[in-house]
Amino acid sequence: MVSTRWLDTRELHKTLLSCVVECVENMATVGVLAAEHVAVGLVENNQLVGAPRIYPGSGPEGRSLQGLPAETISEGIRRQIEEVIKGKKIRAVGVGFPGITREGVIEESPNLQQAKGFNLQAALASGLRRDRDAVPVLVFNDADVMAAGIAATQGQLHRMIRVWTLGEGIGYGRYPAVEGVWEGGHTVVTLDPKENFCACGGVGHLEGIMGHRGIRLRFLDLEPEEVFENARRGDGRCATFLKFWHRALAAATATSIHLEGPGKFFISGPNACYVDLGWLNIYLGEMVKMSPLQGSLFEIISTSDEIGIIGAAVNAERAALGRSQE
Ligand SMILES: [Zn+2]
């Protein structure tokens, strides 16, 4: 009888445990991507549930976060999260924010400078608490969140991937997210002291060559789109620059390979359409010669708010799980 009772207790324990696991698995996570605007959504099983909420809206108050104080942005994010949750129990909130983030604090954000030094994690966590239990809020770099979203939607959650985002600036994301700075857009790709067009002020940076500010300062008379278009039409000056632009990306990729090994590199962002993978592969081949470091692969991919939201949720779930196992 004793052994039967013991078995019953064990069965009960198993049943209870499976209920808890099921309950946790059924809980959703909130993903937030803050870039030009804020996009917030509920994520279940690596999929967005319902339409994302966008802040600021498309009304007369403007569409960009650039002119808003950090407290206003944080409060806007919190309100959207409350709308998305609507009283449901959630596992965690993940936020992708541009710049260097550490333990929830925005240490540097070149595109949203008003956020520098702001503790976004603390502001959101205290705003969301009220009578509800504390919800873990985790803040990540926006490019890392994109990388996690790509990994989740491309079936790559089991391996390391890296993502270059080519736009106004140059983003570098990595999945899985690891502690560190990872400002790959500011990788030094040339020793020429005249290459000083990066917005951060550093000499020889990738973004100083590939980013819009750098292109405008280099050409003075042309917008980035005109440079790309002229290169396509065969204009000598622009075509020479476009090869240099590709070499810069190959160089930064080669540095990443020499530090972390070969692998899959996704390329996204509005300027990904100007990438010639043939050139990129040739230049990379010239820069990476050691045999164990061969085999990297580039793939151009389009991204969206949805992928960023999913990625923020994926990273938050992984981080929250890691904490609970500590
Ligand atoms: Zn820089």
## Note on the structure
Applying the gyration tensor rule to the Cα atoms of the range 77-158 (axes a ≥ b ≥ c; rounded if a/c under 1.5, else prolate if a/b exceeds b/c, else oblate), the class is oblate
### Task
Might you report the magnitude of the Cβ-based charge dipole of the chain about its Cα centre, with Lys and Arg at +1 and Asp and Glu at -1, to the nearest 20 debye?
500
### Query
Taking Lys243 as the anchor, which lysines have their alpha carbon closer than 29 Å to its alpha carbon, excluding any fewer than eight residues away along the same chain?
Lys194, Lys264, Lys289
## Note on the structure
In terms of the charge dipole of the chain, which places +1 on Lys and Arg and -1 on Asp and Glu at the beta carbon, the residue among Gly295, Asn196, Ser109 farthest towards the positive end is Gly295
### Query
Stretched out fully, how many nm does the piece from Arg237 to Thr72 gain, at 0.36 nm a residue minus the Cα gap?
54.9 nm
### Message
Loop-only GluC sites (Glu not before Pro) in the range 60-118, please: DSSP not H, G, I, E or B, and at most 13 other Cβ atoms within 10 Å.
### Response
Glu61, Glu103
### Query
How would you rank Leu128, Leu42, Leu277, going from fewest to most other Cβ atoms within 10 Å of each one's own Cβ?
Leu277, Leu128, Leu42
### Task
Would you work out which of Pro69, Trp279, Ile150 lies farthest towards the positive end of the dipole of the chain, given +1 charges on the beta-carbon of Lys and Arg and -1 on that of Asp and Glu, about the Cα centre?
Ile150
### Query
For the chain, what relative contact order do you get, as a whole percent, if you take Cα pairs closer than 8 Å and at least 6 residues apart?
19
## Note on the structure
For the range 121-230, listing trypsin sites (Lys or Arg not before Pro) in a DSSP loop whose Cβ sees at most 13 other Cβ atoms within 10 Å gives Arg130, Arg132, Arg159, Lys194
## Note on the structure
With +1 at each Lys and Arg Cβ and -1 at each Asp and Glu Cβ, the charge dipole magnitude of the range 159-300 around its Cα centre, to the nearest 20 debye, comes out at 300
### Query
Mean residue ellipticity at 222 nm from the helices of the chain, using -39,500 (n - 2.57) per DSSP H segment of n ≥ 4 over the full residue count, to the nearest 500 deg cm²/dmol?
-14000 deg cm²/dmol
### Task
Would you please name the GluC sites (Glu not before Pro) within the range 155-188 that are DSSP coil residues with at most 15 other C-beta atoms within 10 Å of their C-beta?
Glu179
### Task
Express in nm, to one decimal, how much length is gained between Asn111 and Ser126 on full extension, taking 0.36 nm for each residue of separation and deducting their alpha carbon distance.
2.8 nm
### Query
Where does each of Asp144, Asp221 land when they are ranked from fewest to most other beta-carbon atoms within 10 angstrom?
Asp221, Asp144
### Task
Counting other beta carbons within 10 Å of each Cβ, put His186, His205, His158 in order, fewest first.
His158, His186, His205
### Message
Need the full-extension length gain, Glu36 to Leu293, defined as separation in residues times 0.36 nm minus the C-alpha distance. One decimal, nm.
### Response
88.9 nm
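Taken together, the values in this text are just the output of simple stated rules run on the coordinates, not laboratory data. Keep in mind the model is a prediction, meaning the values are calculated, not measured. Please note: Cβ atoms are built from the backbone with ideal geometry, for glycine as well, and neighbour counts cover all protein chains shown.
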